[in-house]
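Contents: one structure, followed by commentary.
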Amino acid sequence: MVVSRFELPDPGDEWKAAVRRTAISAHEVLVRHPWAASLMLSPARISSARLRYMEGILGSLRKGGFSAEMTHHAYHALDSHISGFTLWQVHFQFDEEQLADLATNFLSRLSIDEYPYLLEHAGEHDRVENADDEGEFAFGLDLILDGLERMRDT
């Protein structure tokens, strides 16, 4: 039932926009139903909704000019990003108190001389997000889509 809530690609849309919309929709739906993210990885749980989702992405890629081989690779790169990032996000959510405890108990024990980049990275988590920033999931998705487009065009 959860997968049936994913926005499927419109066959008439440009491949990149259609796949992007579907991937973001899948991620957002799975974040709202965190218990479903792990279930999606089970081969015993391939529903008709999941088959329609897969067919939609595969069809968008093929109609977008990708060969069967490139479509195979592209689908797995996209599905890995959707599944992997979503699992990471739903399993590593912290409320304000937990984040404060993490900063106090873990990060404060790290030496700036030994872990300057890790501490800098941790500080980025506290940064106020730009209103135009779609977040980490969209950032990774756009890297994948742009890379696929460049590979297709060469």
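The values are calculated or read from the model by the stated rules, or taken from the named source; none is laboratory data. The structure presented is a predicted model; accordingly, all values stated were derived computationally and were not measured. In this analysis, Cβ positions are derived from the backbone assuming ideal geometry, glycine residues included, and neighbour counts consider all displayed protein chains.
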Note to self: Out of R5, R50, I need the residue that is farther than 24 Å from R150 by Cβ and modelled with pLDDT of 95 or more. Which one?
What the structure shows: R5
Note to self: Residue under question is R109, and the condition is that it be out of contact with any Gly (no Cβ under 7 Å at 6 or more places or on another chain), surrounded by fewer than 16 Cβ atoms within 10 Å (Cβ to Cβ) and among the charged types (D, E, K, R); does it hold?
What the structure shows: yes
Next item on the list: May I ask you to list the residues in the stretch 11-42 that are within 24 Å of F92 (Cα to Cα) and modelled with pLDDT under 90?
Entry: P34, W35, A36, A37, S38, L39, M40, L41, S42
Check: In this structure, is E14 closer than 24 Å to F139 by Cβ, in contact with a Ser or Thr (Cβ under 6 Å, 6 or more places away or on another chain) and of a type in the set (D, E, K, R)?
Finding: no
Margin query: Going by what's in this entry, would L78 be described as under 23 Å from I144 (Cα atoms) and modelled with pLDDT of 75 or more?
Written below: yes
